[in-house]
Amino acid sequence: MEADYLHLIVNHVPIFSVLFGILILGWGLFRKNKSILQIAMVLFLVGAASSYAAMETGEAAEDIVEELSVASHEVIHNHEEAAEIAFWFTITTGLLSIVGLFVISYDLRWRNTLFGVLAFSALISLGTLLYTAYQGGKIFHSGASTSSTEQLTTVPALTLTCLYEDLE
């Protein structure tokens, strides 16, 4: 599998794991349920790990996209800088989740403060991840657009041809 396609697949995982982690964290805090809170923190850990995978596949995809000259260096650089910031915020959220898993197990008194900081960190992570995705959307992916364009133009023509042949 090409690195640019792999990056297009992997880069969605941190966004959705942090998004669902935030929703589940809110639900867990509302219900005051430890198990639900643990699920949210595991999702934040998945987001942190997958943001690393997205960064690594992005480095390989950068070489391919620059070689094809389908995007300016400035657009790629802006996406890369946004990705680095998002990566560090997501890693911070993951580390806070590790602390949160420890705190929830031992029922420490400052756990509400930690969950407030965790929620804030997760919201910042999600914002930076979405901004990174926005910047990445400015990069033209020739392989993805070519295949979808071919599908849009050939499938209806093929369908009309088959219908016409059936009428004869």
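The values are calculated or read from the model by the stated rules, or taken from the named source; none is laboratory data. The shown structure was predicted, so the numbers you read here are calculated from the model rather than taken from an experiment. Counting neighbours? That spans all protein chains shown, and the Cβs are built from the backbone with ideal geometry, glycine included.
Data table
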{"item": "Residue match in segment 135-146 (condition: modelled with pLDDT of 90 or more and surrounded by 13 or more Cβ atoms within 10 Å (Cβ to Cβ))", "result": "yes"}
{"item": "Positions within segment 130-140 being closer than 14 Å to Leu19 by Cα and either in contact with a Gly (Cβ under 8 Å, 6 or more places away or on another chain) or not in a helix (DSSP H, G or I) (or both), in sequence order", "result": "none"}
{"item": "Leu19 in contact (Cβ under 8 Å) with a residue 12 or more places away in the chain and within 16 Å of the chain's Cα centre (by Cα)", "result": "yes"}
{"item": "Test set (1) under 18 Å from Glu56 (Cα atoms); (2) within 13 Å of the chain's Cα centre (by Cα); (3) free of Cβ contacts under 8 Å to residues at least 60 places away in the same chain - Gly127 fails condition number", "result": "(1)"}
{"item": "Single residue of segment 70-90 satisfying the filter (of a type outside the set (A, V, I, L, M) and farther than 18 Å from Gly47 by Cβ) that is surrounded by the most Cβ atoms within 10 Å (Cβ to Cβ)", "result": "His79"}
{"item": "Answer residue from segment 28-52, given it is free of Cβ contacts under 8 Å to residues at least 12 places away in the same chain and part of a helix (DSSP H, G or I) and is surrounded by the most Cβ atoms within 10 Å (Cβ to Cβ) among those", "result": "Arg31"}
{"item": "Check on Glu67, on the phi < 0 side of the Ramachandran plot, loosely packed, with under 13 Cβ neighbours inside 10 Å and part of a helix (DSSP H, G or I)", "result": "yes"}
{"item": "Selection count, segment 91-113, where residues are among the aliphatic types (A, V, I, L, M), closer than 17 Å to Leu25 by Cβ and either modelled with pLDDT of 95 or more or surrounded by fewer than 15 Cβ atoms within 10 Å (Cβ to Cβ) (or both)", "result": "5"}
{"item": "Candidate set from segment 13-62 (those that are out of contact with any helix residue (DSSP H, G or I) (no Cβ under 7 Å at 6 or more places or on another chain) and at pLDDT below 95); member that is nearest to Gly100 (Cα to Cα)", "result": "Lys32"}
